[in-house]
Amino acid sequence: MTWDRVERLLGSSNLARLAQKRVGVVGLGSGGGFVAQTLAMSGVGKFVLIDDDTLEVGNVVRHVADLRDVGRPKAEVVADLIHQRNPNAEIRVLQGKIESQMDALDGLDLLVCAVDGENAKYIINQACLERNLTAVYAGVYERGEGGDVVVIHPYDGPCYACWAAELRD
């Protein structure tokens, strides 16, 4: 596997930095799966993938996986897709809810929060504050009528809960 084209775009020192970055992705559905795969294609070399769901037929039309993966845990499917693009990627796969495995956030450089439920986002927000961990939160509004993406840098602006409350107002 050659990274020549990515290296020309980003530069060798930046590609080397990305290879050492550890990114967590919580929620590996339609959004999180694409983000994780794209990060791997951009040179990120270390991942923690967390999801409690399995791929269903109804997911396939909007997911990075396909019908061959139906019935498999989404975190395992996305890990396989990352390894197809970057066989050297280090991936820790965790199946289950993030609430029961918060220690997986320790040592991350960035967290991508791609879960559906607001309650889970608030729990993740608190864990990120405790770890001073930068997180990217993404969501699609009901019926796909819009959405939002926000990067939260702990203690440098609002936390996710504060931002979400302001958004609703």
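From the alpha carbon centroid of the stretch 110-130 to that of the stretch 50-80 is 21 Å. Residues in the chain average 55 Å² of solvent-accessible surface per residue, probe 1.4 Å, ligands and nucleic acids excluded. Scanning residues 5 or more positions from Val112 or on other chains, those with amide H under 5 Å from its amide H are Gly24, Val25, Val26, Val136, with H placed 1.01 Å from N in the peptide plane. Among the listed options (i) 48, 40, 31; (ii) 53, 31, 27; (iii) 45, 32, 31, the one matching Cα extents along the principal axes in Å as calculated from these coordinates is (i).
Annotation: the antiparallel percentage among DSSP beta bridges lying fully within the stretch 1-122 is about 5. For the chain, the 222 nm mean residue ellipticity estimated from helices alone, with every DSSP H stretch of n ≥ 4 adding -39500 (n - 2.57) and the total spread over all residues, rounds to -11000 deg cm²/dmol.
I'd like to compare 15-22, 123-130, 49-56: which one has the highest average count of other Cβ atoms within 10 Å, and what's the full order after that?
Values: 15-22: 15.5, 123-130: 18.1, 49-56: 20.8.
Ranked from most to least packed, the peptides come out as 49-56, 123-130, 15-22.
Of all the accessible heavy-atom surface of the stretch 36-169, with the other protein chains kept in place and a 1.4 Å probe, what percent is carbon and sulfur? Exposed carbon and sulfur together represent 49 percent of the surface. For the pair Glu99 and Asp148, the difference between a 0.36 nm per residue extended length and the Cα-Cα distance amounts to 15.3 nm.
Tell me, what is the percent relative contact order of the chain, built from C-alpha pairs under 8 Å that lie six or more residues apart? Value for the chain: 20 percent.
The values are calculated or read from the model by the stated rules, or taken from the named source; none is laboratory data. Just so it is clear, the model here is predicted, and its values are computed rather than measured. A quick note on method: Cβ atoms are made from the backbone with ideal geometry, for glycine too, and the neighbour counts reach across all protein chains shown. Side chains included, ligands, DNA and RNA excluded: accessible areas come from the protein's heavy atoms. Shrake-Rupley method; radii C 1.70, N 1.55, O 1.52, S 1.80 Å.
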